[in-house]
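The values are calculated or read from the model by the stated rules, or taken from the named source; none is laboratory data. Computed from a predicted structure; not experimentally measured. Don't worry about glycine lacking a Cβ; one is built from the backbone with ideal geometry, like all the others, and counts go over all protein chains shown. With ligands, DNA and RNA removed, areas are computed over all heavy atoms of the protein, side chains included. Shrake-Rupley method; radii C 1.70, N 1.55, O 1.52, S 1.80 Å.
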Amino acid sequence: MSDARVADVIARSLALAGVRHVFAYPGETIVDLLEACRVEEVEVVLARREATAAFMAEGLAMATGGVGACLSTLGPGSTALANGVASATLDRVPVVALSGQIDSGREQYFTHQVVDHDRLYAPITKWAGRIEPSSVATTMRRALRLATAERPGAVHLTLPADVGGRPATDGEASAPPLVPAVVATTVFTTGPEPAAVLAAARRPVLLAGIGAVRAAATAELVRLAETVSAPVVVAPMAKGVFPEDHPLFAGVLDMACGQVLWDLLGSADLVVTAGFDPVELITPWTLRTPVLHVDAIPNVDQIYASACECVGHVGAILGWLADDWRGQARWTEEEIARHRGRLREAYYSGAVAGRLNPTDVVDAVRRAAPRQTLVTTDVGSHKLLVGQGWRAYEPRSVLMTNGLSSMGFGVPAAIAAKIADRGRPVVAMVGDGGFAMTATEVRLAAALSLPVVFVVFVDGSLNRIELTQRSRGIPSTATRIEDVDLVKLAESMDCDGVRAADAAELDKSLQDLPSLSRPLVVEARIDPTQYDSQF
Ligand SMILES: Cc1ncc(C[n+]2csc(CCOP(=O)(O)OP(=O)(O)O)c2C)c(N)n1
Ligand SMILES: [Mg+2]
């Protein structure tokens with residue numbers, strides 16, 4: 001039996017699971033744990049508030065494929081953390097969140113700053129558990145394995161203030177295998193024989209989602225698409241799982257110009273879902289097209305009906321479908337090119353000559369950013385545009401929340417992605433509303449010498465909602481926001497700032513993107529008129 005304390009076992013379990021950074025906001029209740037993390041060389045990163053700490057944990061896990069971790073104190077800390085924790089759960093990202101609590105002797109009756117974490121966290125996590133000296137090592141193993149198991153998500157643990165310093169009595173810290181190696185996959189199928197269903201289809205379309213990203217199924221996805229000659233549509237959070245410069249790439253579902261994609265799916269006689277998670281659907285699924293469901297879990301959502309389900313390792317199943325394929329190419333490249341042409345036309349429609357259009361911003365950043373750049377986006381009209389228009393070449397190179405879809409994600413996720421890989425250029429694309437929620441985090445980027453580029457789509461509007469008001473003929477209420485001098489704001493936070501009102505200024509402001517040494521805030525003063533024709 002070692003003489004480790006509870007806090008030591010927590011920190012060591014995280015370290016053994018590959019956690020190098022915890023994103024935290026302190027309070028008295030977690031002082032032991034912060035110290036244990038320091039000793040264990042798990043770097044504690046001080047976000048400016050708990051919600052952004054949780055988004056950083058989520059963003060880091062999205063970028064790396066590992067586990068994210070975030071810490072808060074009791075009461076106001078744990079309630080503030082909840083938004084980012086819910087985000088990880090709905091975005092299916094493994095995060096271990098831990099909050100302090102009043103000391104255990106007072107937990108049942110004391111009122112000041114005490115909220116019931118079990119009830120607060122139960123609906124927004126896979127598990128809301130508590131740390132006890134007699135089970136801390138096992139609890140940490142369970143938390144880590146549960147967070148990473150399909151479908152992944154957040155778990156939340158409560159640590160009473162008096163428990164962290166007590167001796168741990170259930171043995172040494174250890175970590176379970178988080179993503180067990182796939183030695184063999186068992187495929188459970190229901191309904192008709194999957195290979196025969198695919199062989200019978202004349203116009204199959206593949207629809208790839210985040211399950212394919214988690215299974216690292218890019219090679220098999222490309223192989224199946226090429227074998228069958230079928231177009232591939234991807235879900236927004238899966239951007240890059242199929243290279244977007246591939247001739248069979250057909251666009252992103254439910255982002256800008258969504259109807260073009262739904263028309264394509266509607267013209268298919270079979271949709272093969274590859275790890276597609278219906279949490280990403282924004283519009284209801286009204287297609288009558290038969291679906292061949294391929295995922296790590298059965299079709300438990302029933303958002304679409306599927307007579308045939310293949311359940312197992314997504315990459316292995318796609319590979320097996322490709323191996324079994326006998327038949328003629330289904331679509332011609334010209335047909336898919338025509339579809340892409342339509343999508344492109346819809347995407348650029350509504351641009352106003354002589355103004356800085358939203359698509360100009362996406363194009364300027366893509367031009368200036370090296371191929372391997374990681375981009376994050378916040379939530380709003382700009383996200384729908386980035387989701388469709390940003391050309392992604394590899395999985396985990398575009399981070400967005402499309403499960404909870406909470407504003408305030410883009411800035412902290414970019415900072416975390418840069419922490420995870422300092423050598424990679426990172427750009428955050430955020431609306432002026434979302435930036436106002438999280439702008440103070442740029443000070444953290446400066447403090448950590450992280451030259452992230454924050455491109456702010458300034459339209460003076462919570463545009464996504466203002467558009468809804470306009471389409472219903474009601475005046476803008478609570479959807480206009482006041483101007484902020486982002487150049488001064490950036491400079492006051494030890495960052496560089498630049499303002500751009502046209503494409504040439506924007507190109508100039510981004511010209512040093514690959515070699516910056518300080519964070520850069522770009523105030524892109526857009527004309528949002530173009531959005532009207534895209535959504
Ligand atoms: C935390 C949170 N609050 C409210 C919303 C609802 N919402 C979705 S988009 C949006 C407007 C975002 O405005 P901005 O960041 O300026 O982006 P824009 O739409 O202008 O591109 C709002 C309020 C949300 N998704 N998340
Ligand atoms: Mg805006």
- Estimated dipole of the chain in Debye, rounded to 20 [Cβ of Lys and Arg +1, of Asp and Glu -1, Cα centre]: 540 debye
- Task: Could you please state, rounded to a whole Å, how far the C-alpha centre of the range 325-354 is from the C-alpha centre of the range 489-530?
- Result: 32 Å
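Could you tell me the number of lysine pairs in the chain with C-alpha atoms less than 21 Å from each other, where the two lysines are 8 or more residues apart or belong to different chains? Let's see the in-between values first.
Numbers: Lys239/Lys383; Lys239/Lys418; Lys383/Lys418; Lys488/Lys508.
Here the count comes out as 4.
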- Item | Linear extension gain, Ala501 paired with Gln108, 0.36 nm per residue minus alpha-carbon span | 135.7 nm
- Task: For the range 104-253, give the percent of accessible area contributed by carbon and sulfur heavy atoms, probe 1.4 Å, rounded to a whole number.
- Result: 57 percent
- Report the charge-dipole magnitude of the range 405-498 in Debye, nearest 20, computed about the Cα centre from +1 at each Lys and Arg Cβ and -1 at each Asp and Glu Cβ. 360 debye
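When only the heavy atoms of the protein chains count and the probe is 1.4 Å, how do Asp494, Asp483 rank by accessible area, highest first? Can you show the working numbers first?
On the way: Asp494 75, Asp483 105 Å².
The most accessible residue leads, giving Asp483, Asp494.
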- Query: Per-residue accessible area for Ile297 at 1.4 Å probe radius, Å² rounded to 10?
  - Reply: 30 Å²
- Note on the structure: With all protein chains in place and a 1.4 Å probe, Tyr109 shows an accessible area in Å² (nearest 10) of 150 Å²
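Please give the contour-minus-distance gain from Thr477 to Asp118: 0.36 nm per residue of separation, less the Cα-Cα distance, rounded to one decimal in nm.
So the extension gain works out to 125.6 nm.
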- Note on the structure: Check: C-alpha center the range 362-390 vs C-alpha center the range 399-425, spacing in Å is 12 Å
- Task: Could you list the residues of the range 210-225 with an amide nitrogen less than 20 Å from a label point located 7 Å from the Cα of Gln328 in the Cα-to-C-beta direction?
- Result: 225
- Message: Before I look further, what does the range 302-377 give for accessible area per residue, probe 1.4 Å, in whole square angstrom?
- Response: 47 Å²
- Quick one: Debye curve from the C-alpha atoms of the range 120-241, no solvent, what's log10 I(q)/I(0) at q = 0.14, 0.21, 0.23 Å⁻¹? -0.81, -1.24, -1.34
- Item | Geometric extent, Cα atoms of the range 1-92 - Rg, Dmax (angstrom) | 12.8, 39
- Percent of all Cα-Cα pairs per 5 Å bin for the range 410-535, counting from 0 up to the last occupied bin, reads 2, 11, 20, 22, 18, 12, 9, 4, 2, 0
- Could you give the size of the charge dipole of the range 29-184 about its Cα centre, using +1 on the Cβ of each K and R and -1 on the Cβ of each D and E, expressed in debye and rounded to the nearest 20? 420 debye
- Report the far tail of the P(r) of the range 269-319, meaning the percent of Cα-Cα pairs longer than 19 Å. 20 percent
- Query: What are the principal axis extents of the Cα atoms in the range 480-527, in Å, biggest first?
  - Reply: 35, 26, 11
- Could you please put Arg330, Arg525 in sequence from largest to smallest accessible area, using a 1.4 Å probe? Arg525, Arg330
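How big, in percent, is the set of alpha carbon pairs in the chain lying more than 37 Å apart?
33 percent
Just the number: Rg to Rh for the range 195-300, Cα atoms, Kirkwood Rh, two decimals.
Ratio of gyration radius to Kirkwood radius: 0.91.
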- Message: Given contacts defined as C-alpha pairs under 8 Å and at least six residues apart, what's the relative contact order of the chain, whole-number percent?
- Response: 14 percent
- Note on the structure: The answer for the range 182-275, accessible area per residue at 1.4 Å probe in Å², is 30 Å²
- Message: With n ≥ 4 as the cut-off for DSSP H runs, can you work out [θ] at 222 nm for the chain, using -39500 (n - 2.57) per run divided by the number of residues, rounded to the nearest 500?
- Response: -10500 deg cm²/dmol
- Message: Tell me the accessible surface of Lys508 in square angstrom (1.4 angstrom probe, heavy atoms of protein chains only), to the nearest ten.
- Response: 140 Å²
- Message: Give me the base-10 log of I(q)/I(0) for the range 353-447 at each q in 0.24 Å⁻¹, Debye formula, one uniform scatterer per Cα, rounded to two decimals.
- Response: -1.37
